[in-house]
Structures are given as structure tokens and as C-alpha cells.
Amino acid sequence: MSAPRLLVVEGNVAEARARQISFGGEAASEGYARLLREILPMGVVDICYPADPGANLPDAGGLEGYDGIAITGSSLNIYNGGPEIQNQIDLIRAAFTTGTPIFGSCWGLQLLTTAAGGSVRKNPRGRELGFGRRIRVTEDGRDHGMFAGKPPVFEAMTVHLDEVETLPEGATLLATNDHSQVQAVEFKAGQSNAWGVQYHPEYPFREMAAIFRRLRPSLVAEGFFPDEEQEEAFIGDLEMLEREPGHAGLRWKHGINGALITKELRTAEIRNWVAHQVLPERSRRGRA
């Protein structure tokens, strides 16, 4: 049998990818692909760039050949429209016709929602940043495969200005918090099953540090920090947690626990998607 094949859909335009790299991060799709290769060492992971002009994108037939499709975050705002956004919506709508399982992080959730008929807005509470606090698994989420092994209340890496306003018809809310009602969801669209989260289970601490560097000085202006010195100290804490995730003092200082600092728990939603969606669908298609 052939090796499992996964596709990562990059949500950012080329300029945004280059900017993130310039601050010590990486293209969102590269980090996502690396994690998926770690979860499925025998798998083949491709990346596509639908926000880039002239990108060579797979059609429905090509998308059906994948065992799973993952969508990254993005600095775009879906309600602004434009070809770099519409091309992504069209790609996901084509994916819905294939039966291939789909997972979306942050922008990925918002893209899935829009493509399936829901709506996204700018969050009236402002930006959710750093650690999404007290994300609570709903009653429907307690026995759901997405959260197998995850505690019922947890923190997660997060950075977003927008939120899901209206879910697609038939969607099931799986997790929520006080900042964004929709933190995790599942729905069927066309032939495909979609899982989405508003946070970033794929991010390591070092990537969040690069995001904070990229967003300077706006985070002081938005009131997250009183001055740039304290902002720089927080970035230093993120970099220390990357090197030493068990650092007791920083865990206490920032109120985080194993669900965030333990890689297997932090990335559990994606690992569970592979285990409960990708591999079973691959077997059903006779590819395993």
C-alpha cells in the first residue's frame, strides 16, 4: 500500500510568510508539515499556497488523493475578501466534495466556517493573544475524539483578532472560553468531515515568541504590556519555555500546566485528528 498523504494549506501570502521568518519564526505551513511528519513518520506531506498569485492548486480529484488536509493560521481577515482569500475558499469548497478529512487551526477554522456557509467577524473583545485562557470542553466535546487525553479545561497557544460569529448548519460546538465562544467545532460539509479550533495546537513556544516580536510595538498600544521592556521580558519567558518547558517558576508565573507545556498534550487535537479521522478514512478507502 502507498504511504499516507497529507496536504497542508498555507493561509498566508508570501510577504507575510517572509515577515514571520525575519522575526525568527517560520512559514506556518512548514511548522505544520513538520509536526504531521512527526505524527506520521511514514507519511508524505505536501504544501500548497492558494494565497499566492498563479499558485498551482489541486482540483477536487487531486484533493481526493490525500488522506487528510490541514489548514494553517493566517494574518488575513476573511471579511476583507480579495483573490488571496477567495482562492482559499474555493479550494476548501472543492475539498468538501471529496470526503477527505479536514482540520483547521485559527484562520483554518474561520476558512472552513466561511466555506461551509457560516460567518466570521472582528472579535468585539479585541485580540486574544499568547495563552488562550480556561478553554472549556463542552458537554458534546467531553466524549469527542478531538479531546481524547486532554483535560476538560486547558490553556492553548493563541493569536487572533477575529472569531466565528455564526456556525455552519449542523455544526457541533466542542470547546469555548470567555473570550471567543467558538474555540473548537466539528461539522460535516459536503462529503467531508471538518474539525477546527480557534487556537494553535501546532505552535511551539519559539513560534509564539517570533509572533510577539513581529507584532511590536502594537501590543503596548493595545494595552497588553505597559512598556516595551515588559514585552521583551515576556518574549524572553517564551524562549526560556521553549528551552526548558518544565521551568517551575515560569509555569507558576504564567498559570500554565501540562496541557500547554507537554508537547503530546499541546498537540493532542491534531494527533487525535490523525488517529480518529485520517487513518480510519484511509482504511475505509482501501488505502491502508
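The values are calculated or read from the model by the stated rules, or taken from the named source; none is laboratory data. Only a predicted model underlies this, so the values are computations on that prediction, with no experimental measurement involved. Glycine also receives a Cβ, built like all others from the backbone with ideal geometry; neighbour counts cover every protein chain displayed. Remember, those area values only see protein heavy atoms, side chains included, never the ligands or the DNA or RNA. Shrake-Rupley method; radii C 1.70, N 1.55, O 1.52, S 1.80 Å.
Considering the chain as a Gaussian network with a 10 Å cut-off on Cα pairs, which listed residue, 76, 215, 36, attains the greatest mean-square fluctuation?
215
Over all directions, the average projected area of the alpha-carbon convex hull for the chain comes to how many nm²? The partial results should precede the final answer.
Details: hull surface 56.9 nm².
That works out to 14.2 nm².
For the stretch 1-51, what D do you get in µm² per second when you plug the Kirkwood radius from alpha-carbon pairs into Stokes-Einstein at 25 °C and 0.890 mPa s? Spell out each step's value before the answer.
Details: Rh = 11.7 Å.
Translational diffusion coefficient: 211 µm²/s.
Kirkwood hydrodynamic radius, the stretch 1-118, all distinct C-alpha pairs: what's the number in Å? Before the final figure, lay out the partial values.
Values: mean 1/r = 0.0696 Å⁻¹.
The Cα-based Kirkwood calculation yields 14.4 Å.
Using the Kirkwood radius over C-alpha pairs as Rh, can you work out the diffusion coefficient of the stretch 95-181 via Stokes-Einstein at 20 °C, viscosity 1.002 mPa s, in µm² per second?
Working: Rh = 13.9 Å.
D, rounded to a whole number, is 154 µm²/s.
Normalising by the residue count of the chain, find the relative contact order in percent from Cα pairs under 8 Å and 6+ residues apart. Write out the running numbers ahead of the final one.
Details: 554 pairs, mean separation 55.0, N = 288.
It rounds to 19 percent for the chain.
Which one, 71, 256, 85, has the greatest fluctuation when you compute a Gaussian network model over the chain with C-alpha springs under 10 angstrom?
Result: 256 has the largest fluctuation of those listed.
Which of 107, 273, 252 moves most in a GNM of the chain, Cα contacts under 10 Å?
Between 107, 273, 252, it is 252 that shows the largest mean-square fluctuation.
Over all distinct alpha-carbon pairs, what is the Kirkwood Rh of the stretch 179-287 in angstrom? Write out the running numbers ahead of the final one.
Details: mean 1/r = 0.0606 Å⁻¹.
That comes to 16.5 Å for the stretch 179-287.
Would you please classify the overall shape of the stretch 20-86 from the alpha carbon gyration tensor, given that a ≥ b ≥ c denote the square roots of the eigenvalues, rounded means a/c under 1.5, and beyond that prolate means a/b larger than b/c while oblate covers the rest?
Numbers: a/c = 2.23, a/b = 1.16, b/c = 1.93.
Taking the square roots of the gyration eigenvalues as a ≥ b ≥ c, the stretch 20-86 is oblate.
Taking N as the number of residues in the stretch 234-281, what is its alpha-carbon radius of gyration divided by 2.2 N^0.38 Å? It would help to have the intermediate numbers written out before the result.
Details: Rg = 14.1 Å, N = 48, 2.2 N^0.38 = 9.6 Å.
Here the Cα radius of gyration is 1.47 times the empirical estimate.
What FRET efficiency do you get for residue 23 and residue 97 if R0 is 35 Å and r is their Cβ-Cβ distance, rounded to the nearest 0.05? Walk me through the numbers on the way to the answer.
Numbers: r = 38 Å, r/R0 = 1.08.
My answer for the efficiency is 0.40.
Over the stretch 159-207, what percent of the accessible surface lies on carbon and sulfur atoms, probe 1.4 Å? Numbers along the way, then the final one.
Details: 660 of 1620 Å².
Its accessible area is 41 percent carbon and sulfur atoms.
By accessible area of protein heavy atoms, probe 1.4 Å, what ranking do 283, 74 get, highest first? Kindly include the intermediate steps, with their values, before the conclusion.
Details: 283 70, 74 30 Å².
Sorted descending by solvent-accessible area, the residues read 283, 74.
Which percentage, to the nearest 5, of the DSSP beta bridges contained in the chain is antiparallel?
Details: 22 of 38 bridges.
That works out to approximately 60 percent antiparallel.
Is the stretch 87-243 best put as rounded, prolate or oblate by its Cα gyration tensor, with a ≥ b ≥ c the root eigenvalues, rounded for a/c under 1.5, and otherwise prolate when a/b is larger than b/c, oblate when not?
Working: a/c = 2.03, a/b = 1.72, b/c = 1.18.
Verdict is prolate for the stretch 87-243.
Per q in 0.15, 0.17, 0.18 Å⁻¹, report the Debye log10 I(q)/I(0) for the stretch 115-157, using one uniform scatterer on each alpha carbon and no solvent.
Those come out to -0.57, -0.70, -0.76, one per q.
Quick query: amide H of residue 123 versus all other amide H atoms, modeled in the peptide plane; which residues come in under 5 Å with a sequence gap of 5 or more or a different chain?
Hits under the 5 Å cutoff: 162, 163.
How much accessible surface does residue 42 have with a 1.4 Å probe, in Å² rounded to 10?
Counting only protein heavy atoms, the figure is 110 Å².
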